[in-house]
Amino acid sequence: MLKAKNICKSYQRKTALKDVSFEVSKGEIFCMLGQNGAGKTTTINIFLGFIEKDGGQAFIGNKEVGKDNTNQLTAYIPETVQLYENLSGVENLDFFSRLAGFKYTIAQLEAFLAKTGLQSDAQHQRLSSYSKGMRQKVGIAVALAKNAEVIFMDEPTSGLDPKATSEFTKICKELAAMGKVIFMATHDIFNAVELGTTIGIMKKGVLVQQLKSKDINADKLNQIYLETI
């Protein structure tokens, strides 16, 4: 469902990505680890069409990014979810759903939010009162309402408390069980092992390791990560 084939990208002669290749199937979660500047966010931005690659190919399903329209297949949850503070969770979801070409009833919007675990008494409150974890749930609800096949996440557990992280992990596993693909850039080694199907390690634009989480534990991954970077 998600495929990178020898993707390259440079900024003013500085290599950001070099021959990055990987594949992610439906129902899988790919967690990409790496230091700041390793190329994780650049990879996401290329798949989302925010920036152009210099070489290689990026595919979402059977469509090639940059040549075919892939926007309808994807959703993006950044480290800080950008929503309208003066609107409620339901109103934000309604607005972004309409931008994607979908029109839902209030009951349907509430159902999407409930599926992410957002409490019913918070759904009609303004975003200005939301925690980061609650904002992420609205972002995930947008992905559900858009019926996105691939969900990109950039440092989604940064700043979350243990309870919110646990809730987030549960939601991601449920999305994967629905057949969604999740591609996540993260620094959280322990969550990567708990959540990911495949774990990649980036270093200076190169994907130097690809590991299956079922074959490794957090301590071993931490050792490999420290030796790699």
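The values are calculated or read from the model by the stated rules, or taken from the named source; none is laboratory data. Being a predicted model, the structure only gives us computed values, none of them experimental. We place every Cβ from the backbone using ideal geometry, glycine too, and count neighbours over all the protein chains shown. Surface accessibility is based on the protein's heavy atoms, side chains included, excluding ligands, DNA and RNA. Shrake-Rupley method; radii C 1.70, N 1.55, O 1.52, S 1.80 Å.
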Cross-link reach list, aspartates and glutamates versus LYS212, counting only Cα pairs under 13 Å and skipping chain neighbours closer than eight places: GLU23, GLU28, GLU194
Other-chain or far-sequence residues with amide H under 5 Å of THR197's (modelled H): ILE29, PHE30, CYS31
Cα gyration tensor shape of the range 129-172, rounded if a/c is under 1.5, else prolate or oblate by comparing a/b with b/c: prolate
Global geometry of the range 142-229, whether rounded, prolate or oblate, following the gyration tensor of its Cα atoms and the 1.5 cut on a/c: prolate
The range 65-172: C-alpha gyration tensor shape, a/c 1.5 cut-off, then a/b vs b/c: oblate
Choice from PHE59, PHE50, PHE95 showing the highest fluctuation, given a GNM over the chain with Cα pairs closer than 10 Å: PHE50
Residue-normalised accessible area of the range 153-229, expressed per residue, 1.4 Å probe, Å²: 47
Relative packing of 23-29, 157-163, 73-79, which averages over residues the other C-beta atoms within 10 Å, highest first: 73-79, 23-29, 157-163
For the range 80-186, with +1 on Lys and Arg beta carbons and -1 on Asp and Glu, the positive-most of ALA177, GLN123, LEU144 along the dipole: ALA177
Share of carbon and sulfur in the accessible heavy-atom surface of the chain [1.4 Å probe, %]: 48
Pairwise centroid distance, computed over Cα atoms, of the range 2-21 with the range 59-136, Å: 30
Per residue, in Å², the accessible surface of the range 1-127 once ligands and nucleic acids are set aside, probe 1.4 Å: 55
Long pairs among LYS53/LYS170; LYS3/LYS203; LYS163/LYS203, criterion Cα-Cα beyond 28 Å: LYS53/LYS170; LYS163/LYS203
